[in-house]
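Q: I am attaching a structure below and will ask some questions about it afterwards.
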Amino acid sequence: MNNIKLSNLNKEECARYLGYKGNSPDERVKNIMDDCEMDIINTAIPRYLYRQFPIEFKANGVEVLGTSLLLTGNSIRNHLEGCSKVFILAATLSGEMDRLIARTQINDMAKAVILDAMAGVAIEQVCDKAEVQMKKEIEGKYFTYRFGIGYGDLPIFLEHEILDVLNASKLIGLCSNESYILTPRKSVLCIIGISDKEIKSMRRGCSTCKLSNRCEFRKRGDRCGF
């Protein structure tokens, strides 16, 4: 388990989450972003953990060796093509962040929307910092992008088993409810492939996802990490 500090949240990314699509927010929104940034830095308790596993490709999926996990679906198989190992990463901003968003929704809904988007930026920063640490541990390897559980045709019901494998509930307080919503809400659970050979980079984001029009994450205001 790793505790880290947040700093300098990416406001351009926040604007993108808010739908500005290259346009710059006005000064009022920029000022609210500044306030939200400080609120998050002062409130969130960012934590992450990860484990490395060898994998083996089977006819019915990708087996995560040393566990009972079988990653099924064409999306994850294609994602891990050429990889011999994976990192499974869990990260969260803590329940304190959820409570801050809930309080803000009562008092200032406009700010709450921006706060929620900025928290999305913050959890990505946590994941970025985790990847930096991973790359220090295994230098000379190539990584895929982060593949969220439930993205593509990778079953979201694997969340519970993956969290158990990581012991995430005990170590960082990250759980998944009966509807497969991560709690705390501002959290990420994802898979990163590890390869000896360079991996072709792919454009990421909702705009390139075939499931964007019927995505359960987007319906509830979340992101899968893609």
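Any read-out appearing in this document is the output of simple, stated calculations on the displayed coordinates, not a laboratory observation. Remember, predicted model here, so these are calculated numbers, not experimental data. Reconstructed Cβ throughout: ideal geometry from the backbone, glycine too, with neighbour counts over all protein chains shown.
Q: Taking just the alpha carbons, could you work out the radius of gyration and Dmax for the chain, both in angstroms?
A: 17.5, 55
Q: If you don't mind, there's one more thing I want to ask. Report, in degrees rounded to the nearest 10, the 0 to 90 angle that the Cα long axis of helix 95-107 makes with the longest principal axis of the chain.
A: In the chain, helix 95-107 runs at an angle near 30 degrees to the longest axis.
Q: Go through the stretch 1-100 and name the trypsin sites (Lys or Arg not before Pro) that are in a DSSP coil and have 16 or fewer other Cβ atoms within 10 Å of their Cβ.
A: Of the trypsin sites (Lys or Arg not before Pro), the ones in loops of the stretch 1-100 whose Cβ has at most 16 other Cβ atoms within 10 Å are Lys5, Lys21.
Q: Helix 27-43 against the longest principal axis of the chain: what's the angle in degrees, Cα atoms only, rounded to the nearest 10?
A: 60 degrees
Q: Then there's this: Once the stretch 1-130 is represented by equal point scatterers at the alpha-carbon sites, with solvent omitted, what log10 I(q)/I(0) does the Debye formula produce at q = 0.19 Å⁻¹?
A: -0.97
Q: Lys197 versus Gln133, label points 7 Å from Cα toward the beta carbon: distance in nm?
A: 3.2 nm
Q: Then there is this: If I fit a long axis through the Cα atoms of helix 109-137 and take the longest principal axis of the Cα atoms of the chain, what angle between them do I get, 0 to 90°, rounded to 10?
A: Computed tilt is about 40 degrees.
Q: Something else now. For Lys58, go through the lysines and keep the ones whose alpha-carbon is under 28 Å away, minus same-chain ones fewer than eight residues off.
A: The qualifying lysines are Lys85, Lys135, Lys141, Lys197, Lys200, Lys210.
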